[in-house]
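Enquirer: Before we start, here is the structure in question, set down as structure tokens.
Taken together, the values in this text are just the output of simple stated rules run on the coordinates, not laboratory data. Model, not experiment: these values are computed from the prediction. For neighbour counting, all protein chains shown are included, and Cβ atoms are generated from backbone atoms with ideal geometry for every residue, glycine included.
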Amino acid sequence: MAKLTIPRQELMYSGHAACPGCGPALAMRLLLKGLGPRTVVSVPASCWTVIATPYPTTALGVGMLDNAIEATGASISGLRAAADALGLGDLNVVGFAGDGGTADIGLQSLSGMLERGTDALYVMYDNEAYMNTGVQRSSATPQGAWTTTTPVAGEARGKLEPKKDIMAIVLAHHPVYAATLNPSFPEDFVRKVEKARERKGPRFFHVYAACPPGWRYDSDQTIELGRLATYAGIFPLYEVEMGRLRITRRMGQLKPVEEYLKAQGRFRHFSPEEVQQVQEQARARWDDLLARERAANPPERAAVPGEPASPALPPPVAGEALGRT
Ligand SMILES: Cc1ncc(C[n+]2csc(CCOP(=O)(O)OP(=O)(O)O)c2C)c(N)n1
Ligand code: SF4
Ligand SMILES: [Mg+2]
């Protein structure tokens, strides 16, 4: 019999207000399974504030702070300081924000939290648009995608600009741990959460979070779509620890991106040339990850007689030198 590695304890309850097949709801459920009950979550204005708290109820078995959309990074710095002052050093302090609240409106707050070395986990659930207010484009919306503010009609062919690379921005701050996660791979997801839980210092997750109404697909396809995203190289799974990158879901060959794109109404207008462009981007992204992984783990250099071994310097670690806030 297969060994169950995902904790049984549920800290997200039924009766929440998410749509059927909501990726962000799955992400929170798995996140809390990995973190356990000694956790407080700060959530800014987003679908998740609506999902969690239809007044006067809550769908979460942990404390939740409802914060302003631009302030998640600052709010978890404050929560950490308060928890430490109260002698609650073991409390997991978590920010759980959408792509709009992270990559756009809250970017300065995230940067500040990472730079100060705040001992907390920041999770960006990426449903690739402002869903709670009606599917407006964000900087994380993929190039070419339909949204209500990037229409497809006549000459207009969806979002003009490429998706912002949030992981590159975060990694420039040298967090102690950063990873990409996808609820369609629950074992990988929970393993990364448990790993992050054991680390001190600033940590970051970029979570794939499919949204049936916003992406225009049937709600029973969420898990399958997530698998396709990773297998096609649209959303590869990897982790970066102390600057070293490791791919956690390896593919011998990427699946064609076409199946992923055709499954969603927001991409259904793509021409064969546009599909080909996404294909080339996925290939380049995957090759880049493989190269970075190789660079992080170079084969042992043969010792040169008379020359002292010179191990590579580890990257700086945020929050390492001074007290953390
Ligand atoms: C400063 C500010 N601007 C705009 C809003 C309105 N607003 C509330 S939720 C939301 C969407 C947030 O999008 P995202 O962070 O991607 O989360 P999602 O709704 O997709 O879950 C917006 C724009 C707000 N609450 N505060
Ligand atoms: S709109 Fe999308 S992200 Fe928001 S609750 Fe529904 S499925 Fe989830
Ligand atoms: Mg969003």
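Enquirer: Would you list the P(r) distribution for region 89-207, with all Cα-Cα distances sorted into 5 Å bins from 0 and each bin expressed as a whole %?
Expert: 2, 11, 20, 20, 17, 13, 8, 4, 2, 1, 0, 0
Enquirer: Right, another one. Working from the pairwise distances between different alpha carbons, so that the mean of 1/r is found and then inverted, what is region 1-96's Kirkwood radius in Å? Kindly include the intermediate steps, with their values, before the conclusion.
Expert: Working: mean 1/r = 0.0704 Å⁻¹.
Computed over region 1-96, the radius equals 14.2 Å.
Enquirer: A follow-up question, please. Note down the Stokes-Einstein diffusion coefficient of the chain in µm²/s, whole number, using a Kirkwood radius over alpha carbon pairs, 10 °C, and 1.306 mPa s.
Expert: Translational diffusion coefficient: 77 µm²/s.
Enquirer: Taking 0.36 nm per residue of sequence separation and subtracting the Cα-Cα distance, how much length would be gained by fully extending the chain between residue 218 and residue 19, in nm to one decimal?
Expert: This chain segment gains 70.5 nm when fully extended.
Enquirer: Ok, one more. Can you list residues whose amide H is under 5 Å from residue 204's amide H, if they're 5+ apart or on another chain and H is modeled 1.01 Å from N?
Expert: HN-HN under 5 Å from residue 204: 122, 177, 178, 179.
Enquirer: Ok, one more. Using a Gaussian network model of the chain with C-alpha springs under 10 Å, which one of 258, 161, 273 is most mobile by mean-square fluctuation?
Expert: Largest GNM mean-square fluctuation: 273.
Enquirer: What FRET efficiency comes out for residue 258 versus residue 50 if R0 is 30 angstrom and r is the Cβ-Cβ distance? Round to the nearest 0.05.
Expert: Rounded to the nearest 0.05, the efficiency is 0.35.
Enquirer: With each pseudo-label sitting 7 Å past Cα toward Cβ, what's the residue 165-residue 285 distance in nm, one decimal?
Expert: Distance between label points: 1.2 nm.
Enquirer: Give the total of Lys-Lys pairs in region 23-296 with Cα-Cα distances below 22 Å; include a pair only if its members are 8 or more places apart or on different chains.
Expert: Within region 23-296, the lysine pair count is 7.
Enquirer: Would you mind computing, in nm to one decimal, how far apart the modelled labels at residue 136 and residue 269 are, each placed 7 Å from Cα along Cα→Cβ?
Expert: Using points 7 Å along Cα→Cβ, the separation is 2.0 nm.
Enquirer: Cα centroid distance between region 117-135 and region 1-42, in Å?
Expert: 16 Å
Enquirer: Here's something else I'd like to know. Report relative contact order for region 1-101 in percent, whole number only (criteria: Cα-Cα under 8 Å, sequence separation at least 6).
Expert: 32 percent
Enquirer: While we're on this one: Considering only the other residues whose Cβ falls under 12 Å of the Cβ of residue 20, what net charge follows from Lys and Arg at +1 and Asp and Glu at -1?
Expert: Spelling it out: positives minus negatives among the neighbours equals -2.
Enquirer: Add -39500 (n - 2.57) for each DSSP H run of 4 or more in the chain, then divide by its residues: what number comes out at 222 nm, to the nearest 500 deg cm²/dmol?
Expert: Values: 10 runs with 105 residues, N = 325.
Here the helix-only value at 222 nm equals -9500 deg cm²/dmol.
Enquirer: Related question: Rank-order 55-61, 197-203 by packing density, defined as the average count of other C-beta atoms within 10 Å over each peptide's residues, highest first.
Expert: 197-203, 55-61
Enquirer: Hydropathy first: keep DSSP H helices in the chain averaging at least 0.5 on Kyte-Doolittle, then drop any whose Cα extent along the axis falls short of 15 Å, and list what survives.
Expert: TM-like helix candidates: 23-35.
Enquirer: Mean separation of Cα pairs under 8 Å and 6+ residues apart, divided by the residue count of the chain: what relative contact order is that in percent? Can you show the working numbers first?
Expert: Numbers: 631 pairs, mean separation 56.4, N = 325.
About 17 percent, as a whole number.
Enquirer: What distance in nm separates the two pseudo spin-label positions at residue 276 and residue 88, each 7 Å out from Cα along the beta-carbon direction?
Expert: Distance between label points: 5.7 nm.
Enquirer: If I build a Gaussian network model for the chain, linking alpha-carbon pairs within less than 10 angstrom, which residue out of 83, 210, 27 has the largest mean-square fluctuation?
Expert: 83
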